[in-house]
Amino acid sequence: MSSTGNGNSGNGNLEKPIVEAVSADSEVGSAVSGKIAPPPGQQKKADFVSDQEVRWCPGCGDYAILNNVQKVMPELGIPREKIVFVSGIGCSSRFPYYMNTYGFHSIHGRAPAIATGIKCANPDLSVWVITGDGDALSIGGNHFMHAIRRNLDVNYILFNNRIYGLTKGQYSPTSEFGKKTKSSPVGAVDYPINPLSLAIASESTFVARSIDIDVKHLGGVVEAGARHKGISFIEVYQNCNIFNDHAFDSFAERSVRTDRVLYLEHGKPMIFGKDRNRGIRMNGAHPEVVTIGENGITENDLLVHDIYLKDPSVAFMLARMEQPDFPQPVGIFRAVERPTYEEMMVGQIDAAIAKSGPGSLEKLLNSGDTWVVE
């Protein structure tokens, strides 16, 4: 991949700049089906659609995410046998069944551990982790943080519907404070986790967010993540129309989206609103919403987005901006370079072999402190 400020190639030696993949435009998508895949350069979306019946509730936001991932796959030019999807437990975790690639439906919260083993054993594979807010941030929280801090070259997509859907409507780690559910009938007293804040605090080298129904933007974000070398973490606001319907309508619905969503675009001032007359500027150490043309404010006063900043402070600040005080930011928050875990691991192995030879498993097992039990 080649792009301004970032010259490494990601999974599959991709070449399209990540900042060109994301657009603020929207479109309606739908799933199709297909059979045998031609060579990578001739692949189509249908080649990545499995023969399994998709078993999600009608109207679930998971369909849009699946549709967009299947649409992005041919653009990556990676053979299907070089792609692995790994999931944990939850509605989202049926995802590997519906991708016509290799897949692994693992156990609750442990998808990052399985993905780590796969990537370290075969660094040439394009590895994807598919998870939900409960799977990743509750029982899987520890695995989440450590997979990210290691900077594995893995694509990590978190479906955030702010509810436990598979187990029928209990509050999740991302449910808002006071949320009334089957497990919190008088309101949850847990403060919610902000997934992007946690990912940035864990030093994720690529962090992004999109919305399930904003399908063109979502596809661009997924493609950008795939083209990043290192961990790419993407949070998708995903509606659960059975147990938490309309969770994101206050900003995600098309009728209000332009006024309540901030589309982050690298190198451009942070402008939003139907009339493109509102923006974000810094007031000391704090962001604030301003109106262009009022009190002498111009575009030059606005904060300009830079996804390549090494310091994660601005990305963290943006991740904390939420309704109703701010527009909800979506897009790429951060995309920086850092050596990947599997590269450094292979480097250590090669260096050890060069210094001491290939070694012997038998000698290793019989070296050091050994004893015989009789």
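Ignoring ligands, DNA and RNA, what percent of the accessible area of the range 110-237 is carbon or sulfur (1.4 Å)?
Numbers: 2200 of 3870 Å².
Heavy-atom surface of the range 110-237 belonging to carbon and sulfur, 1.4 Å probe: 57 percent.
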Taking all pairs of distinct alpha-carbon atoms in the range 252-373, Kirkwood radius in angstrom: 18.5
Using a 1.4 Å probe on the protein heavy atoms only, what accessible surface does F316 show? Give it in Å² to the nearest 10. 80
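Note the full-extension length gain between V189 and A201 as 0.36 nm times their separation in residues minus their Cα-Cα distance, in nm to one decimal. Please report the intermediate quantities before stating the final value.
On the way: separation 12, 0.36 × 12 = 4.32 nm, distance 2.37 nm.
Going from the current span to full extension adds 2.0 nm.
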Between A121 and M282, the two model label points (7 Å from Cα along the beta-carbon direction) sit apart by a distance in nm of 4.7
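Compute the FRET efficiency between S313 and T291 as 1/(1 + (r/R0)^6), taking r as their Cβ-Cβ distance and R0 = 35 Å, and round to the nearest 0.05. Working shown, then result.
Working: r = 26 Å, r/R0 = 0.74.
Calculated transfer efficiency: 0.85.
If you take the alpha carbon radius of gyration of the range 50-91 and divide it by 2.2 N^0.38 Å, what ratio comes out, to two decimals? Write out the running numbers ahead of the final one.
Values: Rg = 12.0 Å, N = 42, 2.2 N^0.38 = 9.1 Å.
Rg over 2.2 N^0.38 Å, computed on Cα atoms: 1.32.
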So what's the angle, to the nearest 10 degrees on a 0 to 90 scale, between helix 111-121 and the longest Cα principal axis of the chain? 50
Note the angle between two axes, namely the Cα long axis of helix 215-226 and the longest principal axis of the Cα atoms of the chain, as a number of degrees from 0 to 90, rounded to the nearest 10. 40
What length, rounded to one decimal in nm, is gained on full extension from S250 through to T298, with 0.36 nm per residue of separation minus their alpha-carbon distance? 14.5 nm
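Calculate the all-directions average of the projected area of the range 47-152's alpha-carbon convex hull, and give it in nm².
Numbers: hull surface 26.3 nm².
For the Cα atoms of the range 47-152, the hull's average projected area reads 6.6 nm².
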Extent along principal axes [Cα atoms of the chain; Å; largest to smallest]: 82, 49, 44
Per residue, how big is the convex hull of the range 170-301 when only Cα atoms are used? Give it in Å³. 160
Theoretical FRET efficiency, 1/(1+(r/R0)^6), r = Cβ-Cβ of F104 and M344, R0 35 Å, to 0.05: 0.90
Rule-of-thumb Rg ratio for the range 94-216 [Cα; 2.2 N^0.38 Å; N residues]: 1.11
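Rank these residues by their accessible area, most exposed first, probe 1.4 Å: Y98, Y164, Y308.
Working: Y98 5, Y164 55, Y308 30 Å².
My answer, sorted largest first, is Y164, Y308, Y98.
Kindly report the accessible area of the chain per residue (heavy atoms of protein chains, probe 1.4 Å, no ligands, DNA or RNA), in Å².
Working: 17730 Å² over 374 residues.
Solvent-accessible surface per residue comes out at 47 Å².
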In a Gaussian network model over the chain where Cα atoms closer than 10 Å are linked, find which of G187, G134, G90 has the largest mean-square fluctuation. G187
What angle do you read, to the nearest 10 degrees and between 0 and 90, between the alpha-carbon axis of helix 341-356 and the longest principal axis of the chain? 20
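A 24 angstrom limit on the alpha carbon distance is what I want to check against. Which of K71/K229; K82/K229; K119/K363; K216/K274 exceed it? Write out the running numbers ahead of the final one.
On the way: K71/K229 20 Å; K82/K229 16 Å; K119/K363 27 Å; K216/K274 19 Å.
Exceeds cut-off: K119/K363.
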Rounded to the nearest 5, the percent of antiparallel DSSP beta bridges in the chain equals 35
In this structure, the FRET efficiency calculated for S360 and C57 from their beta-carbon separation, with R0 = 35 Å, to the nearest 0.05, is 0.05
Based on DSSP H runs of at least 4 residues, each adding -39500 (n - 2.57), what is the mean residue ellipticity at 222 nm of the chain after dividing by all its residues, to the nearest 500 deg cm²/dmol? -7500 deg cm²/dmol
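The values are calculated or read from the model by the stated rules, or taken from the named source; none is laboratory data. Given the structure is predicted, the values throughout are model-derived calculations rather than measurements. With ideal geometry, Cβ positions are generated from the backbone for all residues, glycine too; neighbour counts draw on all protein chains shown. Keep in mind that these areas ignore ligands, DNA and RNA; they rest on the heavy atoms of the full protein, side chains included. Shrake-Rupley method; radii C 1.70, N 1.55, O 1.52, S 1.80 Å.
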